[in-house]
Each structure stands twice: as C-alpha cells, then as structure tokens.
1. Of all residues in region 127-147, which are part of a loop (DSSP other than H, G, I, E, B) and under 22 Å from the mean Cα position of the chain (by Cα)?
2. Of everything in region 80-113, what is surrounded by fewer than 17 Cβ atoms within 10 Å (Cβ to Cβ), outside any helix (DSSP H, G or I) and among the hydrophobic types (A, V, I, L, M, F, W, C)? Give them in sequence order.
3. Restricting to region 57-74, give me the number of residues that are at pLDDT 70 or above and farther than 21 Å from Val123 by Cβ.
4. Of all residues in region 228-258, which are surrounded by 24 or more Cβ atoms within 10 Å (Cβ to Cβ) and touching a strand residue (DSSP E or B) at 6+ places or on another chain (Cβ under 8 Å)?
5. Restricting the first residue to region 220-247 and requiring it to be among the β-branched types (Val, Ile, Thr), which pairs with a second residue that is outside any helix (DSSP H, G or I) meet a Cβ separation below 7 Å and a spacing of at least six or different chains?
6. Which residue, of Gly210, Gly169, Gly236, Gly185, is closer than 20 Å to Ile55 by Cβ, among the small types (Gly, Ala, Ser) and part of a loop (DSSP other than H, G, I, E, B)?
Amino acid sequence: MADPSAVTAPATNTPATDPLVIGGRSFRSRLMTGTGKYPSLQAMQASLQSSGCEIVTVAVRRVQTQAAGHEGLMEAIDWSRIWMLPNTAGCATAEEAIRVARLGRELAKLAGQEDNTFVKLEVIPDARHLLPDPIGTLEAAEQLVREGFTVLPYINADPLLAKRLEDVGCATVMPLGSPIGSGQGIRNAANIALIIDNATVPVVVDAGIGVPSEAAQAMEMGADALLINSAIALAGDPPAMARAMALACEAGRSARRAGRLPMRADASASSPLQGRVGT
C-alpha cells in the first residue's frame, strides 16, 4: 500500500502543458537551434535530434548560393518535424532584409510549409561586431508585419526598441546576450530583465550563450526561449552539447516557474532549532 504521506511531484511544467506559443503556433521545445558552423551535415543532423528542437533557423542567402557548409542542407532536415525559421543574415539594410525575407517565405514553401510566414529579422551593417541596426530593424519589421510575416527580430538588449517592435506587431523580440559567436554569455542581464518584465510577446535570448549554465541563467531570468547555434556547432561533441543545452533550457524554465528562494542578508538555519540535545 502506498504511503499516503509520500510527496508526489505534480505533473506540471512539462513541454506538453507548458508550450511556447509564437504567432499562434505552439511548440513543445523552448530551444531553437541553427544550421551553420557544423563540421558536417551528419553532425548537424545528430545535434538537431539530440536537442529535441522544433524550430531551426536557416540563412536564406547561404542556402540559395550553396555557400560552404550549406550544400544539401534543405534535404538533410526533416521539415515535416522541424519548423523552418528563415533568417536574413548577411543583410546590411532594411531593404535587403525585406527582399531576403520574401525569398525565405518561398524557401519554406519549397520545404512543404505552405503556411510558414516566420522570419528571423537580422539587419547587421557592422561586419566586425555583428551588432544589429536598431533603425533598420524597426523599418524592416514594420513593412514585413504589413506583408503578413510573423517577425522575430534580432536586437540589442534595448528595452525601448523591444517595446516599439512589439507595438508594431512583431511576434517575439530576440535580444542578444552578447555578440554573435562570442561565447561571452549574458553580458547585459539588467536590460534583458527589463525587456522580459515589460514584454507581452515571447522573449528569445539569442547570441552569446557559450555553455549550458548560461542557457539556464537566461531561462531562470524569465526568457521564454533560447536560440543557440555556435555553442553547439563548435563544441568538441556537438550532439552531446545540444543535449546539454536542452536540459539546461528545461531546468532553467522549471526553476523560474518554481520560484527561487528569497535572498536574505543574514543566514537562516536549515534544521529546526527546537528539540536539540541539551536544550
């Protein structure tokens, strides 16, 4: 007979009961991944499988031009299971980004996703630091929203810009943790926290995460999802790192929903003081 005093963990906060919703579409996984920088297509395929991700971003320009590492990419991914997130990487102006976004929509259709209007909007004129252009991003977002796109803009951790993008109809905001591919982690936590506190759309931390502890940190802060590419693709064992990032993402989300121990200025004994020997 079961012990009635035994504590049973509640069946809450599972991917099925805690979905990520973007543009009216639900996803079980809160980890998005990319397709660049992998040592091989086989490593990419194994990593996508290990991560359990359901959204994968694809650089439209690189696929179209068959850039190194992108040959056969479209055929290597099971698009019946993975939702494509075309991105406008390589675009330096709003006009370029709008044009590439339209091409991305056609690319998704070729993958069999006729109703896919998602685009990860990147407007990056700075080739050295790869920091996004706030003005160009806002201009492109306004036009793409008018054209019916589900826009996920990549931005600096600017709370005012994030709110403006939300106001014009973006489906998410995607503040960077630190520069793309730098592995510096969450360098602007205070601003990201402000974005999270003020947003009514999902906040996806994108860029800079290097290790699973940083992924967990972003989710503990209240981020709704993460996009991680370089930290997985450039790891010594990409599939193993993909799995580690997925676990960190889940752990951080669970911790956020559970509620952390309040911080105190002084100590608080874990054991009761009553009933001690000699008292």
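1. His129, Leu130, Leu131, Pro132, Asp133
2. Hit for region 80-113 is Ala92, nothing else.
3. 3
4. Ile228, Ile232, Ala242, Met245, Cys249
5. Ile228/Leu31; Ile228/Thr33; Ile228/Ile209; Ile232/Thr33
6. Details: Gly210 fails: closer than 20 Å to Ile55 by Cβ; Gly236 fails: closer than 20 Å to Ile55 by Cβ; Gly185 fails: closer than 20 Å to Ile55 by Cβ.
Every option except Gly169 fails the conditions.
The values are calculated or read from the model by the stated rules, or taken from the named source; none is laboratory data. In this text, all values refer to a predicted model and were calculated from it rather than measured experimentally. When we count neighbours, we look across all protein chains shown, and the Cβ atoms used for this are built from the backbone with ideal geometry, even at glycine.
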